[in-house]
1. Expressed in nm to one decimal, what extension gain is obtained for the pair residue 103 and residue 183 from 0.36 nm per residue of sequence separation less their Cα-Cα distance?
2. At residue 302 and residue 59, where each label point lies 7 Å from the Cα along Cα→Cβ, what is the point-to-point distance in nanometres?
3. Roughly how many nanometres apart are two label points built 7 Å out from the Cα toward the Cβ at residue 361 and residue 202?
4. Name the most mobile residue of 317, 206, 114, meaning the one with the largest mean-square fluctuation, in a Gaussian network model of the chain with Cα contacts below 10 Å.
5. What shape does the stretch 160-319 take by its C-alpha gyration tensor, where a ≥ b ≥ c are the square roots of the eigenvalues and a/c under 1.5 counts as rounded, a/b above b/c as prolate, and the rest as oblate?
6. Show that you can apply the helix-only estimate: for the chain, add -39,500 (n - 2.57) for every DSSP H stretch of four or more residues, divide by all residues, and state [θ] at 222 nm to the nearest 500.
7. Taking square-rooted eigenvalues a ≥ b ≥ c of the alpha carbon gyration tensor, is the stretch 234-317 rounded, prolate or oblate, where a/c under 1.5 means rounded and, failing that, a/b exceeding b/c means prolate?
8. Which of 190, 322, 226 ends up with the largest GNM mean-square fluctuation for the chain, with Cα atoms connected below 10 Å?
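Readers should treat all values here as calculations from the given coordinates under stated rules, not as data from a laboratory. Just so it is clear, the structure is predicted and the values come from calculations on it, not from any experiment. Cβ placement follows ideal geometry from the backbone for every residue including glycine, while neighbour counts extend to all protein chains displayed.
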């Protein structure tokens, strides 16, 4: 968790030119790192649809002293993206990510980068985060999907998010972390219904046969889906997929980034979303029971009790509905301009998740 005892000025901004040597030195000072910096180079990284990320390479005046003080050789900075009007639509997401690193990260066991500094505007439309550079780890590629070994790493890491705060009543007292109620769930169904025609207009000719008809049936059931199984809840990522996972090249570990869809809800939605959108259907069909069992075992290792594998697998089946939900809203409301790469990503996600809904029949569990 970052210290808020001191802050550089300005505390946050939305232009990478703000990452000056003096600003960065002041930001590191909030963590007790007292260094002098000669130069900072900022290079855009990632393909974020809402935020913008930059790798900051740091040239210290005294590299030996900086190393002895524990100063990082490089950092990844994240800030708001898009124009101010579009940011207001996703401001809660910016607040979620800020809140995760400042209030939640230290209470869970998921692998995620250390946050060295965090600041956000009162209206949540500007923010700055400075995080560990996870190189040589690289993000997964959504279109390619995850391999079976990558899936195993991912589901075990996901249990580290869910398990430590499983049914923790303290989560329900955090003002900025919302749990769905009937009014918000009904509103969400209206938003989804309004987004589907735009999504189909953009992607319809490239979608698999029947998928447009399938997603049209979801809004009328999404409110009941959001409110089902209220007896089980935890911290949820909401967008747990390859682009938000950083895999080490040697396959030793994975770390999770991009917490803008953070929430409180049925944990099965995260693993359902992951396997439905991020794994080719053939791999999912042959591996899903074993992967859910691996996730379940990891949950138990974090102290979860009274949750059977059968319940876990049903929650996974329910969770696959998260796939079209996040895919459609992400495509329609992203602040980034559409590109062939982003279109390919959304098409892969909608095709896989619609297939999973047909295979697993989640709405029969409501």
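1. Contour length minus the Cα-Cα distance gives 26.1 nm.
2. 4.3
3. The two pseudo-label positions are separated by 3.3 nm.
4. Highest fluctuation of the listed residues: 206.
5. Oblate is the answer for the stretch 160-319, as a/c is 1.5 or above yet b/c matches or exceeds a/b.
6. Working: 12 runs with 159 residues, N = 366.
It comes out at -14000 deg cm²/dmol, rounded to the nearest 500.
7. Details: a/c = 1.41, a/b = 1.17, b/c = 1.20.
It comes out rounded by the Cα gyration axes.
8. Among 190, 322, 226, the largest mean-square fluctuation in the Gaussian network model of the chain belongs to 190.
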